[in-house]
Each structure stands twice: as C-alpha cells, then as structure tokens.
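Below you'll find the structure, written out as structure tokens, and then a few comments.
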Ligand SMILES: Cc1ncc(C[n+]2csc(CCOP(=O)(O)OP(=O)(O)O)c2C)c(N)n1
Ligand SMILES: [Mg+2]
C-alpha cells in the first residue's frame, strides 16, 4: 500500500515501524506539525520532560537499561541546544539515541530566523552521524538508516534535523521495506588466525587480567554470558571500567573490582603486574590508565573493540581484534575448545596479598553517617530486588561504583565519559519507563541533583516511582576533595550554599520526602523509601568532608595509589595540575 | 615549570572517497580541528558521473601514531567509503597547480620569462608589465619557482593544494 502523507506523518509511521515505544520530548514552534501527528496516536507514548537535556538523558537511561535505542524529539534553536549535553553524553558513552529536531523552514535556513540554530553544525562532533532532511521523500530512508547507525557498530546518537516545511509537505509513503544503502557495514568478527594468536597468548599467560568495559554491555546480555564463560575456561581474574560494571558478577572469587582512578588496589596492581591484558570493549581512558608510561609496563595486550579508532589511540597493543565483543568472545571460546585452564595459583596468591590491603576500608564515625556506609546499607537492603541504579556525578557516583555491587548487565546507569552532573534523575525516569516493575534508584549528590531537578515533575506526571537517594554532604564533594588534595584546601566555590529543603521540595512536586540524619535512621529510612509506592527523595545527611579513596592522583601510576590513612601533601606540581 | 612535549612528525598524503553530501567537508575539516590534527592542504572535487562521490586529498603531518588515528577516525565517518594513506601504500605521484603573478619591466621581466621557460610554466595572461604563469608539478617544484619569482617581482600566488595517485595499473 502506498499513499501521500505529510513529512510529520511519515516520521511517526517510521518510528512505529522501528518498534519505538517512547518518545522523550518537548514541543515548540518548529515541531508543531510532528506534535499534531502524535496527537491521539496510541502507538507511541510521548513523555513530556521539563527540559530538553532531561529528554536526552531519559532516553539514555531507557536505552542503557533496555538495550533498545532511545528516541528524543525537540524543537529548533533552544530546544536543540538544550539537548546537546545529553547527546554529547550519549556520544561519549556509546549510547544509541535517535534525536529528531525541528528546524526553521528550508527557505529561512541561514537567515537567522526565529529560533534558528545550526543544529547539524553544532551536533556534528557529538553525534555518530547527523542529517538535515530537505525533502519529505527522503525521510523514511533517513530514519531507517539513522536507527541502523545508532544501534549497530559502536552505538551512538544520530540526529535528524527536519525543517518545518518538510514536516508539512507531502511525499509518498509506502509499507514496503526500505532499500538500505548498505554504506554502513561494521566489522563484527575477527580473522581466524588472529583468534588463534589470541588463544596462544591467553593460554601461555601466567598473570592474565580480563579488563572489560561498556562494550560488553553494549554488545548485549549474551556477551556478558560469554565473558563469564571465557573467564571460567581461562581462570583469569576480571576487572572492569566504570561503564562495564555488571558484566561480571561482583560476588565472584575472581572479581577484582573496578579499576582506575578510584578503583581497588587489587585491580590496579593486577593491571600493573599482569603479563597479559585482554581488553574487552574498553578504551584505555585516562581515568583508567593513570600515568601512561607506567601503565601495565610488562604486559602484552589484546584489544577487542568494534571501533578500530579506539585501538592504539592511547595505549599501543600487541593484538587488535576488531569486531563485536559478543562475536569475538564466542570465536575465542570456540577456539579455546576443551583446553584446560593454566595453573594461575601463583598469580592469584599475589592478588590475594593485594586484596589484603582492603583498599575500600574507611574510618568509622560516631558523629555522622559515612557516605560509604550509607551506600553499603542501601545495597544490602535493596539487593534482593535487583535494582537499577543511576547516579549523578561526583564522589557519590564513585562510592556507588565501589560499594554497590552488580551482578548483571543493564542495571548500572552512569555518565562515564562526559561526567555530566544532572544525568541521574532523568536517566532513572527513562529506565523506570522501560522497566516498570523494577526498583530504580538514583544515587545523587546535593549539587548534581539540582542540575535537572525539574524532572521531578515528569516523574509525578507519569506516576513513576523512582527513588532519589541523595548523599548530602553539603559540598560539591569531588571538587572539594581535589581542592583539599591539590590546592591546599583552598575551597574556591565548592560549598553547596543555600541548599533547598529537599523534603519539602519533594512534597511540592507530589513526591514523598524522607530525611535521614543519623545512623539510627538509616535502615528505617531506606525501608520506608522502598515501601512507598510512588517517587521518593531521601535526603541522607552524610559526613561532610569524607574523601573518596582509593585514589590515583592525576599523573600518577597505578602503583602510587592513595588509601585512607595515607598522608597526602595537599599540593601537586604544575604538570599534574594540568591534567584533569 | 611545565613543558609541552613534542614528538617526531611525518608528512602523509591521504585520499578519501566520500558520499558527496551536504556538510561532509565541514565534517572532515572539523574532525581535524576537534582532534588537534594538522591539515597542510585539502582538495576536493566530485569524480563520478552522477556526482555522488567526491575524492578528497589531504596532506597532513604528525607523529606516526597520530597518522594512524587520522586514518581510523576518517574511516569511522559514515559517509566515508575508503581511506588510502598513499605515503604508506607506496610509490605515487603528487601534483599541484599554481597561478603566479609577476610584475616588472626590463631585465627582471626578461629573467622571469626565462625562468618560467626552464620550469615549463605557461604564461596564461600577459600585459606589458606583468605575467600570470600557470605551473603544474610537485609541491617542491612550485616552491622553488615561487622562491625565484620573489626576487623578480612576485605579486600574488594561488595554489590548489595537491592531488595524488598511486603509480601503476591498479586502483589504490
Ligand atoms: C555539568 C557539570 N558541571 C560541572 C562538573 C564538575 N563536577 C564534577 S563533580 C562536581 C561536584 C558534584 O557535587 P555533588 O553532586 O554534591 O556530589 P558529591 O561529589 O558531593 O558527591 C562537579 C562540580 C560536572 N561534572 N558536570
Ligand atoms: Mg555533595
């Protein structure tokens, strides 16, 4: 069947054809035809956010927790520019998004028209690909390709800018499947001889480490299962980046914990002393490697990544395997066959001595709740429900990564690459929509939560029972910590002055508000939060000047970790200060 | 005191086949600025009958690891079909076209014409007091011609940037 339809209608039909459930958006002049096409259409559920950054982060949370692409709809000009932070966030963390933005009519483009912004230009370097559609006849094919690009290869955001007259003008819509251009064909599998070489390297390693990242999660739950299988076959200990948490179960005897700047002592020392590092879907980020010339100095390195540009970008590797993590893990498993694992007992004994440092230990406190303890209790009391955890950015994010434990993929939503404060609440909203029966908690900081606090209204409107657990230390704690450690405690503009009363704020939005002020109230407060059917803010007052350790100071090697109780000079040389 | 480190750099010539779509040049030029790569020259023109594919020649310089990254980053762009690093791939020819305006009278004018002849530059415009020479060749050849003309009344130079191609019968 084919008939003549408006561009706006073609867009809506195309989204339905892609199986889209939710569109996270905000209306405006340049998208009114699309909003009119959505009116009364039951096939798509439009989620009205309160700020376009919220739309993009909510779509990210939906995508990360369901494995499906998130869809965003914003108007031209300020609508599009507001969404940019979320788009850039998705780009850094390889989250599949399709973002539709309105644009002024084609005849007005370039005239500084009302609410005109060069959205394609602005988003060029924070999208995987973007389009300006000038003819409604191109729309169906562009949308089809946009979903393909967003979700295959290394996932990422794709933006489609649609001028208002293109939404109104008509073109022929056909039910027939789209003929794809086939210009985007990511490589999925490695060559057999590369796999054989990898097996040789893994089988002969005496001190191997599996260093896994967000790519394992992006590859899908089967990749997680294959990773566990490969680990079982080889016996290699596993560490993960911030983005990869959940790919390997945190209660496994060979789990080393997270690595990097706030990683565990055993994870970082194992990386430093390994003779073979098998990087699976991670990218040697500076937060992970520390000082490059001291990073894993005596190891051979295998790097599995679907993005060839990630290989040798920062750390030169001995054997690149370009392809999808899941595919390559299954190739490795097949080639491994029935080999027996190496005897790694010597290596594991060394790792055990590093574990004995107990690097996540923190001092007790009788006067205030230690934030680490609050996360531990939150974990203990909620783990039976297998919750989805979102975070904001700061110390609380690192404490969540360190003290909350994950056992499966798609349960951990955090802004890793861009480190965007304000990510967590909208991401939790998106995750709750995609997982209506799950317990979704945003572990937040007092400063970050204010960056997209308006999204409380969205949760109220759609009756989403998200929980926001604020580790309220009255500081931009992570900034304060760096100022303490590197600028001799000159706390320039890092105090959270004039904080709102989060409990009454919650009530103002129709949420429940709970305040936890001392240890005696901690468990009861968490239980009360869980027992409440609707959305809740918990204002958990914690020790104000706790620091997040272990920590590798910027410019330092993995072997130069600071643990609780270590003396810290409070200064850094200029070269180290120049690093972020 | 903090110093910024420098690394040994190489000059490479890359050819890039791209879909001829709006914004592609901005995308490629922007990739170079966003990631701090160098562009020494960049030429582009469509090369297929239906104008659907363009061929871009980029001359860049940087440390070998960066050249490899440039290659990979270019390949990652959706509209890019193929990237060839001619400097890696082997013997190739590089050509550039320049227009060089020289003004002068008497001895200098005669000398300019004589040098142009040696370089096989063609006078494409002549007045009683000036020439516009057209010169095609390797960038080095154009450099040395321009250097000589500087002494003989050089007014203006326009250069296309290079286009390059593998030697031999095969497509790169
Ligand atoms: C949008 C944005 N602006 C600034 C920063 C820099 N930054 C990183 S952590 C942080 C403080 C966060 O404070 P809070 O949310 O209270 O978390 P805490 O560290 O206290 O747990 C800041 C300002 C950022 N990451 N994102
Ligand atoms: Mg704080």
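Descriptive notes on the structure:
- Taken over region A:144-167, the residue count meeting the criterion of being touching a helix residue (DSSP H, G or I) at 6+ places or on another chain (Cβ under 6 Å), within 17 Å of residue A:87 (Cα to Cα) and away from every other protein chain (no Cβ under 11 Å) is 4.
- Counted residues, region A:274-320 - those being over 28 Å from residue A:225 (Cβ atoms) and within 13 Å of another protein chain (Cβ to nearest Cβ): 6
A quick yes/no check of all residues on (1) farther than 21 Å from residue B:143 by Cα; (2) out of contact with any strand residue (DSSP E or B) (no Cβ under 9 Å at 6 or more places or on another chain):
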site: B:19; (1), (2): yes, no
site: B:33; (1), (2): yes, yes
site: B:60; (1), (2): no, no
site: B:66; (1), (2): yes, no
site: B:109; (1), (2): no, no
site: B:118; (1), (2): no, yes
site: B:122; (1), (2): no, no
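- Hits in region B:17-47 - residues which are away from chain A (no Cβ under 14 Å) and over 27 Å from residue A:579 (Cα atoms): B:40, B:41, B:42, B:43, B:44, B:45, B:46, B:47
- Contact map, region A:478-507: first residue within 12 Å of residue A:545 (Cβ to Cβ) and without any contact (Cβ under 8 Å) to a residue 60 or more places away in the chain, second residue assigned to a helix (DSSP H, G or I) and within 13 Å of ligand 1 (Cβ to nearest atom), Cβ cut-off under 8 Å, separation 6 or more or different chains; pairs are A:491/A:480; A:491/A:483; A:491/A:484; A:494/A:479; A:494/A:480; A:494/A:483; A:495/A:480.
- Qualifying residue in region A:204-214 (condition: more than 30 Å from residue A:65 (Cα to Cα), assigned to a helix (DSSP H, G or I) and over 21 Å from the mean Cα position of the chain (by Cα)): yes
- Matching residues in region A:460-475 - criterion: being surrounded by fewer than 24 Cβ atoms within 10 Å (Cβ to Cβ) and either more than 13 Å from ligand 2 (Cβ to nearest atom) or closer than 18 Å to residue A:53 by Cα (or both): A:460, A:461, A:462, A:463, A:464, A:465
- Listed conditions (1) touching a strand residue (DSSP E or B) at 6+ places or on another chain (Cβ under 8 Å); (2) assigned to a loop (DSSP other than H, G, I, E, B) are all met by residue A:253, apart from (1).
- Residue match in region A:423-432 (condition: within 11 Å of ligand 1 (Cβ to nearest atom) and surrounded by fewer than 19 Cβ atoms within 10 Å (Cβ to Cβ)): no
- When residue A:450 is tested against (1) touching a strand residue (DSSP E or B) at 6+ places or on another chain (Cβ under 9 Å); (2) within 15 Å of ligand 2 (Cβ to nearest atom); (3) part of a helix (DSSP H, G or I), exactly one condition is not met: (1).
- Test for residue A:398: is it part of a loop (DSSP other than H, G, I, E, B), within 16 Å of ligand 2 (Cβ to nearest atom) and either in contact (Cβ under 8 Å) with a residue 12 or more places away in the chain or within 18 Å of residue A:534 (Cα to Cα) (or both): no
- Condition check for residue A:327: under 31 Å from the mean Cα position of the chain (by Cα), more than 14 Å from chain B (Cβ to nearest Cβ) and over 21 Å from residue A:259 (Cα atoms): yes
- Any hit, region A:400-415, residues being more than 14 Å from every other protein chain (Cβ to nearest Cβ), farther than 27 Å from residue A:257 by Cα and away from ligand 1 (no atom under 12 Å from the Cβ): no
- Qualifying residue in region A:509-525 (condition: within 16 Å of ligand 1 (Cβ to nearest atom), in a helix (DSSP H, G or I) and more than 27 Å from the chain's Cα centre (by Cα)): no
- When the criteria are applied in full, residue B:77 meets the requirement of being surrounded by 15 or more Cβ atoms within 10 Å (Cβ to Cβ), within 14 Å of another protein chain (Cβ to nearest Cβ) and over 19 Å from the mean Cα position of the chain (by Cα).
- Filter result for residue B:100 (away from chain A (no Cβ under 14 Å), touching a helix residue (DSSP H, G or I) at 6+ places or on another chain (Cβ under 8 Å) and closer than 16 Å to residue B:17 by Cα): no
- Scanning region A:547-576 for residues that are within 16 Å of ligand 1 (Cβ to nearest atom) and within 14 Å of chain B (Cβ to nearest Cβ) yields a single hit, A:554.
Read the figures in this text as sums done on the coordinates, not as results from a lab. Owing to the predicted nature of the structure, the values given are computational and were not obtained by experimental measurement. Please note: Cβ atoms are built from the backbone with ideal geometry, for glycine as well, and neighbour counts cover all protein chains shown.
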